C-alpha cells in the first residue's frame, strides 16, 4: 500500500509499505528531507528506504517482549483475531507517544488532530492482552500506543486522570525492576538530575512501575542511537567523544553535564543496560529546534536485579554500557565534569532505599537490607574514585 510518512501535519515522504509485514520497500518521493527521522536520509532513495525500514521495524513490539507471544495466541484463540507486531503497528498507523511521526494511508487520508494519542483516547485492549487479560468485548480495538512500545519487559500505556502513563513490570522471581526505577528517581531527586519520576503500583499482586509520558504534543524523543548514526564517526574517536560532538554539532544544550549525571547515576545503581536506545534528546517536532537532553529514564535493569543477594559485591567494578566496558572506566570519562555533584546530598539514601525495597516480596529475607547497604557502599566508592 502507499502511505505518506507524516511529521504531525507535515507530509514528509511518500512510501510503499507492505500491508502484511509492515516493511517499507520503496521511497517514491521526499518532500522535506530535514523532517525525516534523524539518521534515516540516505544518498539514494533505495538507501533511504532501507534506513526507514530499520527505523520502522524499531517501532514494533519485539518478539522477545515478556508475554507477547502468549498474548498473540490468546487473541487468536479467544477472539479469533490474528495479531502480530506488524499488524499492531499498521493498525495504529505507526503512531507513538514518543514522537510525532505516523503513516497516513494514501487511499483514505486521516488528520493528525483526530487520531494522535496525545490528544485523543485510545483502547485498553492491547494493554490488557499484553498483561495476560482477555478483554470482555466481542471484538478487539487494536488502536493503541502499546503497539509501538519497545523493550523486553511487560508494559502498557493507559490514560489515568487525563495523563498518558506507562506501566512496566519486572522479571524473574524477584520482579525487582519496578523498585529499581523508584530508587533511581530518589537518587535523581537528591542530585538534581533531570529524570522521569517513577512510582510503584500493584496489579493482581504484582509490582509495576508507573511514570507519566516524558514527551508532550509537538515533541520528539530522539534516541542516542539516532544521534550516533546521523553522521559518520571518524576513525580514532571514542564513542563518548563522538556523541558529545554530535550533540554540539546539532545544538543540543547541556549535553556534557547530562552525560556526566547519567554516568554517575548508572555507577551508583550499577546499571547493566544503559544502551543507545534508552537515552537521547528532545526536539520540537515543528521547528526541529533541540530543546534538551531527554530526562533520565529506563533504569530498571540495575542494582544486581538478576543476582542472589548473597552474591552481591557492591565494591567490585562491573560491566557497563554504552561508552566503556566497566563503570569505573566510564566514571573516569567525566571526572573533570562533576562540579554539579554534591556528595552530601546522598546522606541518608540508604534508609530511603531500604524503605522502597522493604515493600517487595523478594523471597529472600535479607535482600532489601543487602541492596540498601550496597547502594551506600557505591556512594562511598564514588567519593573515593572522584577527586
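The values are calculated or read from the model by the stated rules, or taken from the named source; none is laboratory data. The shown structure was predicted, so the numbers you read here are calculated from the model rather than taken from an experiment. Methodologically, a virtual Cβ is constructed for each residue, glycine included, from the backbone with ideal geometry; neighbour enumeration extends over all protein chains shown.
Select from the stretch 315-368 the residues that are touching a strand residue (DSSP E or B) at 6+ places or on another chain (Cβ under 9 Å) and closer than 16 Å to residue 379 by Cα and write down the one among them that is surrounded by the most Cβ atoms within 10 Å (Cβ to Cβ). Top of the filtered list is 327.
Could you tell me whether the stretch 182-192 includes any residue that is part of a loop (DSSP other than H, G, I, E, B), at pLDDT 95 or above and not assigned by TED's automatic domain parsing to the domain that holds residue 62? Within the stretch 182-192, one or more residues are part of a loop (DSSP other than H, G, I, E, B), at pLDDT 95 or above and not assigned by TED's automatic domain parsing to the domain that holds residue 62. If you go through the stretch 233-254 one residue at a time, do you hit one that is touching a strand residue (DSSP E or B) at 6+ places or on another chain (Cβ under 6 Å) and assigned to a strand (DSSP E or B)? Within the stretch 233-254, not a single residue is touching a strand residue (DSSP E or B) at 6+ places or on another chain (Cβ under 6 Å) and assigned to a strand (DSSP E or B).
Restricted to the stretch 1-109, the set of helices (runs of 4 or more DSSP H) holding at least 2 residues that are in contact (Cβ under 8 Å) with a residue 60 or more places away in the chain and either under 21 Å from the mean Cα position of the chain (by Cα) or closer than 14 Å to residue 148 by Cβ (or both) comprises 85-91.
Scanning the stretch 126-154 for residues that are part of a loop (DSSP other than H, G, I, E, B), more than 16 Å from residue 64 (Cα to Cα) and in contact with a strand residue (DSSP E or B) (Cβ under 8 Å, 6 or more places away or on another chain) turns up just one, 144.
For every residue, the table says whether it meets (1) touching a helix residue (DSSP H, G or I) at 6+ places or on another chain (Cβ under 7 Å); (2) surrounded by fewer than 21 Cβ atoms within 10 Å (Cβ to Cβ); (3) in the same structural domain as residue 18 (by TED's automatic domain parsing).
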residue: 46; (1), (2), (3): no, yes, yes
residue: 52; (1), (2), (3): no, no, yes
residue: 61; (1), (2), (3): yes, no, yes
residue: 64; (1), (2), (3): no, yes, yes
residue: 103; (1), (2), (3): no, no, yes
residue: 108; (1), (2), (3): no, yes, yes
residue: 126; (1), (2), (3): yes, no, yes
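Entry remark, the stretch 286-296: residues being buried (at least 21 other Cβ atoms within 10 Å of the Cβ) and either part of a loop (DSSP other than H, G, I, E, B) or out of contact with any helix residue (DSSP H, G or I) (no Cβ under 8 Å at 6 or more places or on another chain) (or both) number 1 in total. Of all residues in the stretch 302-323, those satisfying the criterion of being in a loop (DSSP other than H, G, I, E, B) and without any contact (Cβ under 8 Å) to a residue 40 or more places away in the chain are 307, 313, 316, 317. Screening the stretch 325-358 for residues that are without any contact (Cβ under 8 Å) to a residue 60 or more places away in the chain and assigned to a loop (DSSP other than H, G, I, E, B) and picking the one that is farthest from residue 240 (Cα to Cα) gives 358. Taking the stretch 208-242 as the range and being more than 17 Å from the chain's Cα centre (by Cα) and within 29 Å of residue 178 (Cβ to Cβ) as the test, only 217 passes.
Among the residues of the stretch 5-44, just one is touching a strand residue (DSSP E or B) at 6+ places or on another chain (Cβ under 8 Å), closer than 17 Å to residue 289 by Cβ and loosely packed, with under 15 Cβ neighbours inside 10 Å, namely 32.
Residues in the stretch 155-180 that are in contact (Cβ under 8 Å) with a residue 60 or more places away in the chain, out of contact with any strand residue (DSSP E or B) (no Cβ under 7 Å at 6 or more places or on another chain) and assigned to a loop (DSSP other than H, G, I, E, B): 5 in all.
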